[in-house]
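Notes follow the structure.
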Amino acid sequence: MYMSDIKYFHLGQFFTKRALIATFFGIALVALTEFVLPWLGILQIETLWEWISPATITFTIAIILVSCAIAKNLVSSIFISTAAILSFYDPYSTVALKGFIAVVIIYMITAFFAGWFATMRITGRTALLVTGIVIGLQGVIGAGVSMVASLEQAQNNFHQNSVGIAFGETIGGFPVYDLIVAVFSAIYIVVFFILSRRKISAEQTGKKKEIFGQLLIFLSIVGALLFIILSHVNFNQSTAVSIFGDTNTQFLNSIFAKTTAGGFMAVQLLNVFYILPIVGFVIGIGIALIIYQRASGTTNFMRLNYEGAYLTLNIAPFLTICAYSYIFQNAIGSADFFYIRTSTWFTLFTEFTNLLLINFLVAYIVFLIVSIIRNIAKK
């Protein structure tokens, strides 16, 4: 096999110049953003707290997305994500509630899929099928988590503390809105499945489809951020303790706020569990246009490259609440020590959504700059 034939699981690819340089800079930068800057309190900009949380904005996810997508190798993804995990800064003096498992899940999942989706050399038909399934499952996850939270009336903890929050309302005890999102997600998968079955071969002139697809991805990220900024309500540390309890608030502070007195927010106009799926639906359409461009229809081979990184949406927070759920923690005998309360799910997804979208935007800009430089170099 030629070294130019990039394969994600081929260990020899790690020793290529591209992978080594991306890994080196990735490790250095995640250590900077995940430990040094939060430790020094440099990223805590209080004027931003009124607009968006977490209290400390870190760009570790963006670095993982960019470096793993460029490296295109499993070993690189493991090294970069491990460096991010070991650099994790906890504002508390104890290690009891560091949320270390959550950090492992978030960074490992992000690094693996960012590298893998960027590396796969597949036909346009297969790329459409993968995109449809992955994006559709995000919607099913969002609807499922929302359904459980609604049935347990987890939103009541917010309302009792005068914090308005959108949730998947039920009609006669039936989660209608969650079912609608789940059904639409299933339809989305079916549509992409049908598109992936069609054999289309057409010479592409120019890059109109790819440019429009990139624009859709950009607008979905920016649009979601603006929506959250314009439709949220803030609440402070004491209110958070009243809603989640002290241990859950410390958990959120440790993995997101990076401070012991972080501010949080709740989205009022749209159930937060639906935001990333909706963003994903638009991103999926943008990626489909890019696929049609690069595969000259659906029959030729292509790579998703940087765009594959945007397929890593709400899988990480879902696995986090599963790992810290009462059921699992009780099964391993740790429920008396700590578990994530159902009401905490709302804020966990809100903080993760905000952080992910900000990092997506940064990654988008970096990917754009890299693409421009590559095009200039080729000329």
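Some notes on this structure:
- Taking Cα atoms only, the orientation of helix 100-119 departs from the longest principal axis of the chain by about 20 degrees.
- For the chain, the longest principal axis of the Cα atoms and the long axis of helix 60-71 meet at an angle of about 20 degrees.
- Annotation note: chymotrypsin sites (Phe, Trp or Tyr not before Pro) in region 261-354 located in DSSP loop regions with a Cβ neighbour count of at most 13 within 10 Å are PHE337.
- Using θ = phi - 60° in the Karplus curve 6.51 cos²θ - 1.76 cosθ + 1.60, the 3J(HN,Hα) couplings for region 211-218 round to 4, 5, x, 4, 5, 4, 4, 4 Hz; x is entered for Gly and Pro.
- Span from the region 117-188 Cα centroid across to the region 203-282 one, whole angstrom: 14 Å
- Difference of contour (0.36 nm per residue) and Cα-Cα distance, ILE171 to ILE373: 67.3 nm
- Selection from LEU86, GLY26, ASN314, by position along the positive dipole direction of the chain (Cβ): GLY26
- For the chain, calculated [θ]222 nm from helices alone, where every DSSP H run of n ≥ 4 adds -39500 (n - 2.57): -20000 deg cm²/dmol
- Among the GluC sites (Glu not before Pro) in region 158-210, those located in a DSSP loop and surrounded by at most 10 other Cβ atoms within 10 Å of their own Cβ are GLU203.
- Here the relative contact order of region 256-331, from alpha carbon pairs under 8 Å that lie six or more residues apart, stands at 23 percent.
- Gain on full extension, evaluated as 0.36 nm per residue between ASN330 and ARG198 minus their Cα-Cα distance, stands at 42.7 nm.
- When peptides 22-28, 7-13 are sorted by average Cβ neighbour count within 10 Å, with the highest value leading, the order is 22-28, 7-13.
- Relative contact order %, the chain, counting alpha carbon pairs below 8 Å whose residues are six or more apart: 25 percent
- Nearest-20 debye value, the chain charge dipole, Cβ charges on Lys, Arg, Asp, Glu: 1920 debye
- Our Cα-only numbers for region 80-199 put the radius of gyration and Dmax at 19.5, 59 Å.
- Kirkwood Rh and Cα Rg combined as Rg over Rh, evaluated for the chain: 0.97
- Low-density loop cleavage sites - GluC sites (Glu not before Pro) in region 16-74, where at most 15 other Cβ are within 10 Å (DSSP): GLU50
- Cβ-derived FRET efficiency at R0 45 Å, ASN234 paired with LYS208, nearest 0.05: 0.60
Here, each number is a calculation from the coordinates, and none is a lab measurement. All values derive from a computational prediction rather than experimental measurement. All Cβ positions, even for glycine, are placed from backbone atoms using ideal geometry, and neighbour counts span all protein chains on display.
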